[in-house]
1. Kindly indicate whether A628 is more than 18 Å from N366 (Cα to Cα) and at pLDDT below 90.
2. Quickly run through region 120-133 and pick out the residues that are part of a loop (DSSP other than H, G, I, E, B) and open to solvent by less than 20 Å² (accessible area, probe 1.4 Å).
3. Within region 297-316, is even one residue assigned to a strand (DSSP E or B) and either in contact with an Asp or Glu (Cβ under 6 Å, 6 or more places away or on another chain) or open to solvent by less than 20 Å² (accessible area, probe 1.4 Å) (or both)?
4. Just checking, does region 375-397 include any residue being of a type in the set (F, W, Y) and out of contact with any strand residue (DSSP E or B) (no Cβ under 9 Å at 6 or more places or on another chain)?
5. Return yes when Y502 is at pLDDT 85 or above and either surrounded by 17 or more Cβ atoms within 10 Å (Cβ to Cβ) or of a type in the set (G, A, S) (or both) and no when it is not.
6. Filter region 689-701 down to residues that are open to solvent by 40 Å² or more (accessible area, probe 1.4 Å) and free of Cβ contacts under 8 Å to residues at least 60 places away in the same chain and give me whichever is farthest from E732 (Cα to Cα).
7. Do the conditions hold for G138, that is, is it in contact (Cβ under 8 Å) with a residue 24 or more places away in the chain, open to solvent by 40 Å² or more (accessible area, probe 1.4 Å) and of a type outside the set (A, V, I, L, M)?
Amino acid sequence: MTQTPALRPDLSAVLAALNPQQREAVEHTDGPLLIFAGAGSGKTRVLTTRIAYLISQRKAWPERILAVTFTNKAAREMRERVGQLVGEDVAKDMWVGTFHHTCVRILRREAPRLGLERSFTIFDDDDTRASLRRVLDGLGLDQKRYPPSLIANAISNAKNELQGPEGIPNRNYFDEVVRRCYVEYEALLRRSGGLDFDDLILSVVKLLQEQEDARGYWQDRFRYVLVDEYQDTNRAQYVLVNLVAAEHRNLAVVGDDDQSIYGWRGADVRNILDFQKDYPDATVVRLEQNYRSSQAILDAAHQVIQHNPERAPKKLWTDRKGGEKVIAVQTYNEIEEAEFVADEIDRLRRAESRKYKEFAVLYRTNAQSRGFEDVFVRRRIPYRLVGGIKFWERREVKDLLAYLRILANPSDSVSFVRVVNVPRRKIGQVTVDRLIGFARDQQLGVMEMLDRAAEAGAPKPALGPIEHFAKQLKSLQASVGALRPSELVDLVIEVMQLRAFYEDGTPQGEARIENLAELHGYAEEFDPLDPKEGLDEFLAEVTLTSDVDTYDEKEEGVTLITLHMVKGLEFPVVFLVGLEEGLLPHQRSLEEEKGIDEERRLMYVGITRARDRLYLTCAFRRHIFGQAAAGMPSRFLGDIPQALISAPREGRAPAAPPPRHEYRQRFLERSVQAAPAPPPVQRFGDGDRVRHPNFGEGQVIKSTLTRTDEELVVKFDKAGLKILSGALAPLEKLA
C-alpha cells in the first residue's frame, strides 16, 4: 500500500489555522458533504483548502477535480488560492469555473455528438432578443404586444426547467405565442450554429442523459465535485451536478439558504434544503463563525432573517470586540438621502482616514443610482457604478466581436445582420431580409449566401456592395488559424475600416476608438494559445463575462451597486438605502408566492456586506417610476430591535421628515457650499512618462482639460490603454 505523502508545510499551517468546523469540512474526503456556510464564514478558504487537501492526500489528480462557482471572479480567486497551496503548475490542471464555462469546455470536446461545430457561437442576451425580433416578424406578431424580452424570459425559464417547446403550458394565447416562438428560435439557433446561455447547460444535460458512453466518460473523469453557492442552482444545474457526481458520489456543496436571492431567474432554494433527502448519508457541517462583521451587524441580520419560515437553523457569531451600532435614518426624499450619504462619507474620510473605495451604496433597483450619481458629481466624490453600460455591451465592442464571430462560425447569421452595414454599405433591410430568408430555405452559411445574392433576389444596386463585403470577409477568414486573436482584431479593424467609421471628431468617437484598443489588449491574453483555439476561447470568455467579474476592489471610488450584484463582495462601510415598502420589499414580491421571503434574504445579504459600519436609510417621499409618493418604512426595519440601532450623529440628517421648506433651505445651503471649486490644473502633457501603483509605467497619449478635471488617456506598458482622472488617479510623473 502506497504511503500517504506528507502535506506541504504551508498547507499544514493553513489546516492548523482553521476552526474545528472548517477543518471538518476540509478533511472529509469521501461521500456527500453539505456545508452550510454563513456570510463571512470563510467558505472560499474552506473550498480552496479542501481542494489542496484532496490533491496533497492524492485522493485525485488535479484534472479529476471539478469545482463550480457562480462568477468568473470567484473562479479566478479559487484557482489562485489553490495554486498558492499546491503550486501553480499543479493548480492549472484543475477544472475550476462557472457552470457556463464548464459546459463550454465539455461541449468543445463533445460538440460533434450533438451535431454542432466545435467553434459554435454563444448567443448573449442581446443576440437572443435580436433573434426573437426576427422570429416575431416572421410570425407576423406585434412586438409591442409580445415584447421580445418577455418571450426570451419565458423560453429561458423553460430551458432552466429542461423543457422544450412541447413543455410550455397551455394556459392562454400568450403561452401559444411562446411555444411558436420557441420552435422558430431553436431553428434559427441551429441554422446559425449557435447556443444561448441556457443551451450550454441544457445541451450537456441532454448529452449525459441520452448518451451512455459520454455519461460514463465524464462521471469517471471527475472523481470529486465541489459546487459553491448551491442555494442558487436552478433545475438544470441541479440535474447536471447530480449526473456528473453519480459514479463516485463525492459531491461537496457549499451554500447558505439565507442568501438565496435569484428565484426570479430559476434558482430553487430547495436544492440545498433537500440535499439530505437526495443523500441521506451526507455529512452536514455548519460554518457559523463570522470573520467579517461586528456582532451588532450580525445581530441585526439575524433579527431580519429569522422571520423566514423555511430555513436551516443557524446564527452567525464573531469574536470581534466592539463595533458601532447600526445607524437608521429617515430623510425627506431621495435627494436628501443622497446628501446624507455624501455627508457621512466626507465625515468618515476626515475622522477615520478612510478611502473612497471603503464605501458602498446598495439599493434594490438600478434606477436608484441616479440621485447618488448627481450628488456625487456635484460634491466631487468619485464613484464606480456597477451594472451600468457594460464594456462588452458597447456598440463598437459588440460590432467588432460580431465580425470575429462570423469568422469563427460562418453560419452565424445573427452576427451578419448586426454588421452588414457597419460601416454603411448601402445594403438595405429588404435586401438583408431576402438574403436571410434565402439562406434559411437553402440551409446556407453566410459566405455561401453572399455568393448567391443574385439568386436570392437581391436588387441590382446592392449586388456590388454585397460582392465587396464578401471579398472582405473571405480575406479575413483566410487569416483565421494563422493570426493570433489580437492580430486578428487589428486586421478586422483595418480591413473593415472601423477606425474611420467611429472616429467622427467627437469625444464619443474617441472613446469608441479607445474601446477597440482595450479589446485588442484583452485579446492578447489568448495569444499564447493555438490561433484557432485562442479565438474560440476569447469569444467564449467575453460572452460569459459579467460586471462583477471585472470589478476591481483596489480601484478608488465609492461603489454604487444593486443588492442582486453585491453578493460575494464586502466593504468596511455600507449604506443600504431605499428601505421602503414597494422598494424593499419590492412591490412585485407582494404578488408572488414566497416573494417576501426572497426580499428578506436580499435585505440579509445587504446587511452582511458590511464589516465595520452599517447605515439603513429610507425616505419620507420618493420619486419612483416617474411619480412622487409618500413612502412607508420597510417592514424589515421593524424587525430590528431598537437596542441594536443608533441615531445619526448630531448635525446629520434627522430621524424624522422635516417640513418641506426646511429641507429646501438646507439643500440650497449645501448646494451653495459645494458649488465653489478650484479650476482643474493640467499636470501632465502628451508624451509624459508616468507610473501607476497598479498599472505600472506608461505614456500619456492625450491630456484633455475639461471643466472639472484633467482627463488622461494613458498607454501602460503592460496594462494597455486606460482612461484616468488626473485629479484622482495616483499617477507619478517620471523624469
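The values are calculated or read from the model by the stated rules, or taken from the named source; none is laboratory data. Since the model is a prediction, treat every value here as computed from it, not as a measurement. So basically every Cβ, Gly included, is an ideal-geometry build from the backbone, and we count neighbours across all protein chains shown. Just so you know, the surface numbers come from the protein's heavy atoms only, side chains and all, with ligands and any DNA or RNA stripped out. Shrake-Rupley method; radii C 1.70, N 1.55, O 1.52, S 1.80 Å.
1. no
2. Going through region 120-133, the residues part of a loop (DSSP other than H, G, I, E, B) turn out to be 120, 124.
Within region 120-133, F120 is the sole residue that qualifies.
3. no
4. Yes, region 375-397 contains at least one residue that is of a type in the set (F, W, Y) and out of contact with any strand residue (DSSP E or B) (no Cβ under 9 Å at 6 or more places or on another chain).
5. Numbers: at pLDDT 85 or above: yes; either surrounded by 17 or more Cβ atoms within 10 Å (Cβ to Cβ) or of a type in the set (G, A, S) (or both): yes.
Criteria met by Y502.
6. This residue is I701.
7. yes
So that you can scan it fast, the table gives a plain yes or no per residue for (1) among the aliphatic types (A, V, I, L, M); (2) at pLDDT below 90:
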position: V46; (1), (2): yes, no
position: A52; (1), (2): yes, yes
position: A67; (1), (2): yes, no
position: A75; (1), (2): yes, yes
position: A91; (1), (2): yes, yes
position: H101; (1), (2): no, no
